[in-house]
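All remarks here apply to the structure that follows.
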Amino acid sequence: MKSFEVEGHTPVGTVDEIEAIKKLDLPLTDDFRRIVLDNRPLIDVRAPVEFKKGSFPTAVNLPLMTDEERHLIGIRYKEQGNASAVQLGKELVGPVKQERIAAWMEFLKAHPDAYLYCFRGGQRSQISQAWVQEAGISIPRLKGGYKAFRTFLMKEGERISSEADTLIIGGRTGSGKTLLIHQIDNSIDLEGLANHRGSSFGRFISPQPAQIDFENDLGYALIRHEAKGYKHLIIEDESHNIGRVYIPKPIFDNFRKGKLILLKTPMYERVEITFDEYVTQALKTYESNYADKGAKVWFDDANAGLDRIKKRLGNERYTTIKTAFYDAYLEQKRTADTTQHKEWIEMLLRDYYDPMYDYQIEKSEVPVVFEGSADEILGYLGREN
């Protein structure tokens, strides 16, 4: 009797068994757009190692096989062929069948509208779907699986970004661009999707998503934006990279065909905005995660941020700002007063970020269509929309 193989050469059954599953005529769907718009829960039955490389925003990993099971079956396949790998698959997966079914059923009790998928919509999802059917629940699987859905998201992201009338909110560092974006309904927060503030000091305690996750999330966001029928797509002015993730080049190039709106914010407000985000709020987050060590961990991370831009600052400016930062930290430790940090923040904005911004704006080919305060921009957008 011939065997069949799941993706990655991990056989767990026979041709007769899979043919029997096919005869069940289990539901199949490729309405990927509706999955996005309905925020449809998804069960990803791929191995955890595959899930970590990339998944979808609404997906949970409830695998048919663990990483170790998949690995062992794959080795057996390469060394001893199909028949032996089939036998090992039965030995490994058979005894935990009820355990796997129980995990899927528990999720489906909370999310009865969920769909299911594996990598290509093949044997792993068919087996999982059939087992759930045996337990009394019919769940659709994705036609073409993860690969087909991701391809759809990437193509739609490129199409929508090419057709959108994009307005880009630019402005000096600390001017409150992200705060403004959050007040605009027809915006997409790229930094939010990337979990990074887009600067040398922009890291959060929580890690950034995998590159594939970021791309999938962006695809979801663009599809949902288009579905709402907005006249404009509004984003913050970002470089190709946001931390360690990057906007796919076709989408980034499409964004850069938009028009620029410049947010004008006086220096004292920029210092306050930067101080609140990078000192006050950041310290609260660090202390919440690291307790008494929070302030020191925050100091070390901020210090590392300064070190990352040392060459671009130049030795003299680097030493001046670094000294001011350290003095402010010592004052913070002595008195719990953090306001002295505003001194080095202003130096960094004025002497480092502003000249860099001026250069970038001078070289930019994106046309500027409006300049003003946050309130003036909101008024302009209200008239435009």
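Each row is one residue, and each column tells you yes or no for (1) more than 34 Å from the chain's Cα centre (by Cα); (2) surrounded by 17 or more Cβ atoms within 10 Å (Cβ to Cβ).
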site: R312; (1), (2): no, no
site: Y318; (1), (2): no, yes
site: I321; (1), (2): no, yes
site: D327; (1), (2): yes, no
site: D337; (1), (2): yes, no
Restricting to the range 209-260, name every residue that is out of contact with any Gly (no Cβ under 8 Å at 6 or more places or on another chain), in a loop (DSSP other than H, G, I, E, B) and either without any contact (Cβ under 8 Å) to a residue 12 or more places away in the chain or not charged (D, E, K, R) (or both). P209, G229, Y230, H232, H240, I247, G258
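Just give me the residues in the range 169-186 being surrounded by fewer than 23 Cβ atoms within 10 Å (Cβ to Cβ) and outside any loop (DSSP other than H, G, I, E, B), in sequence order. Steps first, answer last, please.
Step one: filter the range 169-186 for residues surrounded by fewer than 23 Cβ atoms within 10 Å (Cβ to Cβ), giving 170, 172-173, 176, 178-179, 181-186.
The answer is G170, T178, L179, I181.
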Residues to consider are S200, S161, S187; find the one that is small (G, A, S) and more than 19 Å from H225 (Cβ to Cβ). S200
So which of I205, I261 is buried (at least 20 other Cβ atoms within 10 Å of the Cβ) and of a type outside the set (K, R)? I261
Only unsatisfied item for I205, checking (1) touching a Ser or Thr at 6+ places or on another chain (Cβ under 8 Å); (2) in a helix (DSSP H, G or I); (3) in contact (Cβ under 8 Å) with a residue 24 or more places away in the chain, is (2)
Just checking, does the range 213-228 include any residue being touching a Phe, Trp or Tyr at 6+ places or on another chain (Cβ under 8 Å), open to solvent by 40 Å² or more (accessible area, probe 1.4 Å) and at negative phi? no
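Please enumerate the residues belonging to the range 366-385 that are under 17 Å from R172 (Cα atoms) and outside any helix (DSSP H, G or I). Walk me through it before giving the result.
We begin by selecting, within the range 366-385, every residue under 17 Å from R172 (Cα atoms); these are 366-377.
If the condition is that a residue be under 17 Å from R172 (Cα atoms) and outside any helix (DSSP H, G or I), then V366, P367, V368, V369, F370, E371, G372, S373 are the ones that fit.
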Those residues that are under 16 Å from I169 (Cβ atoms) and open to solvent by 60 Å² or more (accessible area, probe 1.4 Å), I need them from the range 239-256; list them, please. S239, R256
Report, by residue number, each residue of the range 264-297 that is open to solvent by 40 Å² or more (accessible area, probe 1.4 Å) and closer than 14 Å to G171 by Cβ. K264, P266, M267, E269, I273
Any pair with Cβ under 8 angstrom, 6 or more apart, that starts in the range 280-296 at a residue that is touching a residue at least 24 places away in the same chain (Cβ under 8 Å) and ends at one that is outside any helix (DSSP H, G or I): T280/T338; L283/T338; T285/F204; T285/I205; Y286/I205; N289/I205
In the range 271-292, how many are among the hydroxyl-bearing types (S, T, Y) and farther than 23 Å from G176 by Cβ? 2
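Could you tell me whether G258 is modelled with pLDDT of 95 or more and touching a strand residue (DSSP E or B) at 6+ places or on another chain (Cβ under 8 Å)? Let's see the steps before the verdict.
Numbers: modelled with pLDDT of 95 or more: yes; touching a strand residue (DSSP E or B) at 6+ places or on another chain (Cβ under 8 Å): yes.
Spelling it out, G258 is indeed modelled with pLDDT of 95 or more and touching a strand residue (DSSP E or B) at 6+ places or on another chain (Cβ under 8 Å).
The values are calculated or read from the model by the stated rules, or taken from the named source; none is laboratory data. These numbers were taken from a predicted model, which means no experiment stands behind them. Backbone-built Cβ (ideal geometry, glycine too); neighbour counts: all protein chains shown. For the accessible areas, the whole protein counts, side chains as well, though only heavy atoms, and no ligand, DNA or RNA atoms are used. Shrake-Rupley method; radii C 1.70, N 1.55, O 1.52, S 1.80 Å.
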